[in-house]
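Worksheet: one structure, shown below.
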């Protein structure tokens, strides 16, 4: 009992220190850096932004828009780039800032990436990435070549070796996972190793209908990655040894997965309309992914009773998905957003964990990415499924409508935000979330803070929590 209380006391001190540091950083950006607070928040990790499962938009390059990241421009922070941006920079070489590429995970320990972008000509781009893990001492290179044939057609060739999260949206950005690992002993990034070769074709139609098409074929070889007990800073070796499997700490019944090579084909079609005043848009997406295994995976532990099960593992399958996203802006009542996704699997028996449908959850105190596509309290992989699923996100931002008649509060221009989120997966009880929050909190140009109170409902289980986030 005394040992438990001492650990609780030490954790509470760590939490309070972290909370004070967070508040200090926010007010430092608000008062000292003034308008630069948004730029710092927006450019810390531009390549790690949540998106729904299938996305047909053409990947941007740093040459789309280059500008000083902060007033402290140097080799470590470098230049920022924002996407999308129509004008091309005159630069032909861009080396990504080094500092944001240094992170920590349980597989590699500290890891860093050197990312270089080359402009071969105005319509051809080369991107080279070299990742190194300081614990496993493994270099993981990737190379991407992009060719723009005309404004409508683009071809991208990619090859390499990298660690991926099972939810590649991703489930948690590397910076947040590093902080949770180093300061709180929580590991949320579940990783596996992937060697891949892929060819992608992107087509962009008339802007009036916002038509986009992505056609991608890949050859992948996926294998399990394992956590190292020596990369735990706050947990004893006895506890760490139980968490060697990179996904087992979440209590996932699926367990790990066996090494597998497969051919994947992904077809994504997106189209929609939006008005010129940007007060309305309506997008529809259709996606179909087919996968054919090339090898019969070897089980890690084979016995007589499991010999007959080997042939049943990792059969070909088809994953289909329909999704709808819209925005409606009202003149006096703020704006309404919605995102709905329906999907399922055909021939779905015994899929590897990498190929299940994973949902954007959150187990930290901070919300990241698009609020409209992320649950506030959902455990990252607890609802991963190989069956039918339906998720819906509704959000209404009243802007300052509810505070207009309160003189003192009216000056703050606070935004009141109400949201409803729901998730249905085959074989499980429905999951729902209700939330009410305040946004546009801050001073001057740094009104980027949002605070929400979430309540989740699942059968007879009810959870509540407060979530913080930056919106820019």
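Within the set of pairs 6 or more residues apart or between chains, which connect a residue that is modelled with pLDDT under 95 inside segment 426-437 to a residue that is exposed (fewer than 13 other Cβ atoms within 10 Å of the Cβ) with Cβ atoms less than 6 Å apart?
429/459
Would you check which residues across segment 112-125 are free of Cβ contacts under 8 Å to residues at least 24 places away in the same chain and surrounded by 15 or more Cβ atoms within 10 Å (Cβ to Cβ) and list them?
Of everything in segment 112-125, those that are free of Cβ contacts under 8 Å to residues at least 24 places away in the same chain and surrounded by 15 or more Cβ atoms within 10 Å (Cβ to Cβ) turn out to be 112, 113, 115.
Are any residues in segment 170-202 at pLDDT 90 or above and farther than 23 Å from residue 354 by Cα, and if so, which ones?
201, 202
Within segment 142-169, can you find the residues that are crowded, with 18+ Cβ neighbours inside 10 Å and modelled with pLDDT under 85?
169
State which residue is farthest from the chain's Cα centre (by Cα) when the search covers only segment 388-410 and only residues that are surrounded by 15 or more Cβ atoms within 10 Å (Cβ to Cβ) and part of a loop (DSSP other than H, G, I, E, B).
Filtering first and then ranking leaves 400.
Collect the residues in segment 78-111 that are buried (at least 18 other Cβ atoms within 10 Å of the Cβ) and at pLDDT below 50, keeping them in residue-number order.
Of everything in segment 78-111, those that are buried (at least 18 other Cβ atoms within 10 Å of the Cβ) and at pLDDT below 50 turn out to be 78, 79, 80, 81.
For (1) assigned to a strand (DSSP E or B); (2) over 28 Å from residue 225 (Cα atoms), each residue gets a yes or a no:
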| position | (1), (2) |
| --- | --- |
| 340 | yes, yes |
| 381 | no, no |
| 412 | no, yes |
| 421 | yes, yes |
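State the number of residues belonging to segment 88-110 that are part of a strand (DSSP E or B), free of Cβ contacts under 8 Å to residues at least 40 places away in the same chain and within 20 Å of residue 180 (Cα to Cα).
The qualifying residues number 2.
Among residues belonging to segment 374-387 that are out of contact with any strand residue (DSSP E or B) (no Cβ under 6 Å at 6 or more places or on another chain) and surrounded by 20 or more Cβ atoms within 10 Å (Cβ to Cβ), point out the one that is nearest to residue 344 (Cα to Cα).
384
Please verify whether segment 189-204 includes one or more residues that are out of contact with any strand residue (DSSP E or B) (no Cβ under 7 Å at 6 or more places or on another chain) and either within 22 Å of residue 100 (Cβ to Cβ) or part of a loop (DSSP other than H, G, I, E, B) (or both).
No, the conditions are met nowhere in segment 189-204.
Determine, yes or no, whether residue 416 is part of a strand (DSSP E or B), more than 25 Å from the chain's Cα centre (by Cα) and surrounded by 14 or more Cβ atoms within 10 Å (Cβ to Cβ).
It is true that residue 416 is part of a strand (DSSP E or B), more than 25 Å from the chain's Cα centre (by Cα) and surrounded by 14 or more Cβ atoms within 10 Å (Cβ to Cβ).
The values are calculated or read from the model by the stated rules, or taken from the named source; none is laboratory data. Just so it is clear, the structure is predicted and the values come from calculations on it, not from any experiment. Cβ: placed from backbone, ideal geometry, glycine included. Neighbour counts: every protein chain shown.
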